[in-house]
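Please read the structure below before turning to the comments.
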Amino acid sequence: MSYCLTPGCFSPVNPDNAKFCLSCGSLLTLKDRYRPMQLIGKGGFGKTFLAIDEGTADKVRCVVKQLYLQSKNTLVVNKATQLFRQEAQRLAELGKHPQIPSLLAHFEQQKQLYLVQEFIPGQTLEKELQEKGVFNESQIWELLKDLVPVLKFVHDRHVIHRDIKPANIIRRQTDGKLFLIDFGVAKLITDSGLFRTGTAVGTAEYVAPEQMKGKALPASDLYSLGVTCIYLLTGVSPFDLTDIANNTWVWRDFLPKGSSVSDRLTKILDKLIKPAVSQRYQSVGDVLLALTILPSTPAIVQPLPPQKNNILTNILRRYNAKPQGDRLISEVGVDYTNLQHLLAAGKWKEADRETWVVLCLALGKSTNAYLKLSDIERLPDEDLQTIDRLWVKYSQQHFGFSIQAYIFHAVNDDYGRFCEAVGWPTHQTHNSYLKFSISAPVGHLPSRSWVGGSQWWRHGATMASKLSKH
């Protein structure tokens, strides 16, 4: 069938090959090429139609978005028009990503504005939830692995989506890939825009508190992503997943009977949905780092060069292989029993101090001597691996030299970004910043208290290089 797009048409449905609407007489094709077939969505600012492109040999399907200009309020109309035109400019760039629908055309016809986009065959996660039921943990990991890099692409181009929710995520039927759609309310990040309160836009159940007040930030999208995940896990409206009296999320109380979510995923989701922006992940890069070392998603960061990628490969091989027991191997006769006991007991501060001691012993230096880059290079391999294995094992892959090495390479060997990721100041200071808790950032420990020399800040690259060789 053909669908008339003229506002107010009483009978918009027409025969397939009709040129003009039988009800109102309007032309049924756009630009003599795009033929709307059915209405598939309607929002505050626009309508969305499934259409066919008659300009192609096989008449491929596409999506037509029409700006809804029925309001008599001039300010509303101007705002809607502005958003629509921004969307066209934005989609031309964003549509280059393979998981964002490409923009095929944008134009004005009969005083209406139109966008034509690639059609993605599949269904939204909202519909998938309704038909198949709640998601399990594995599906949430897959969602994060698939979608977080897409969001990074968006934010890297200074765009905030501002309406991330299950209804705006489509799973492509052919290969299961997730697509992020509907940038109609996205906001271009500008220096002035970041600090100017504007119109609150988005879907209330998923909107971050600061966005509700009209000030959207990149972290606002992360909040919406986290809320999307807990909704898919529970099937319960986000409005009902909070304890209003205490202003806290209680989503775990609504998990289906018999299901559970690991501490690792819980920790990530809880940080995504923190009400206070300062307590939330600040960037998609932070989320990627949090996901990087998890066995469930080892490939979520962008591929590293083969030599660098050996670090993560070795970590996974070492801890996914058959149990080796706690073989406290030392090439030079160092006893690591005390370090093992401290780590097993979760005494992170004492274990950090003991690590400095055993590093000195392995090098034949006096206890608590500062180690230079040349000392790191001559550390016995077996001893370094024993120390690292104990840290990684007893922290459940949260701390360790190899974890730090992988993070270092994941941020392209940028020491400043590395320090930010693991929660260290860039410059050497006293140790008051250290957090001796498993809730500290991934890779926060062991500390660098033992590092000395005029080029102490190069210890990250030196340690990462040494670990990548084994």
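The values are calculated or read from the model by the stated rules, or taken from the named source; none is laboratory data. What you see is a predicted model, and the numbers here were worked out from it, not measured in a lab. Note: ideal-geometry Cβ built from the backbone for every residue, glycine included; neighbour counts use all protein chains shown.
In the set (1) modelled with pLDDT under 90; (2) surrounded by 12 or more Cβ atoms within 10 Å (Cβ to Cβ), the condition left unmet by Thr197 is number (2). Of the listed requirements (1) more than 25 Å from Asp286 (Cβ to Cβ); (2) assigned to a loop (DSSP other than H, G, I, E, B); (3) touching a residue at least 40 places away in the same chain (Cβ under 8 Å), Phe399 misses just one: (1).
In the range 97-187, which strands (runs of 3 or more DSSP E) lie fully inside it and hold 1 or more residues that are over 30 Å from Leu27 (Cα atoms) and modelled with pLDDT of 90 or more?
Counting at least 1 such residues, we get 122-124, 169-172, 178-180.
All but one of (1) within 23 Å of Val442 (Cα to Cα); (2) in contact (Cβ under 8 Å) with a residue 12 or more places away in the chain hold for Glu350; state the number of the condition that does not hold. Result: Glu350 fails condition (2) only. Considering only residues in the range 374-389 that are farther than 11 Å from Ile329 by Cβ and under 35 Å from the mean Cα position of the chain (by Cα), the one that is surrounded by the fewest Cβ atoms within 10 Å (Cβ to Cβ) turns out to be Ile376. Here Gly41 clears all of (1) at pLDDT 90 or above; (2) surrounded by fewer than 20 Cβ atoms within 10 Å (Cβ to Cβ) except the condition numbered (1).
Here the condition is being over 30 Å from Cys360 (Cα atoms) and either modelled with pLDDT of 90 or more or assigned by TED's automatic domain parsing to the domain that holds Asp381 (or both); of Ile329, Ile315, Ile268, it holds for Ile268 alone. In this structure, does Lys65 turn out to be modelled with pLDDT under 90, in a strand (DSSP E or B) and over 26 Å from the mean Cα position of the chain (by Cα)? The answer is yes for Lys65. Could you check, for the range 209-232, whether at least one of its residues is surrounded by fewer than 22 Cβ atoms within 10 Å (Cβ to Cβ) and at pLDDT 95 or above? Yes, some residue in the range 209-232 is surrounded by fewer than 22 Cβ atoms within 10 Å (Cβ to Cβ) and at pLDDT 95 or above. Within the range 122-147, the set of residues being among the β-branched types (Val, Ile, Thr) and within 18 Å of Ile164 (Cβ to Cβ) comprises Thr124, Ile140.
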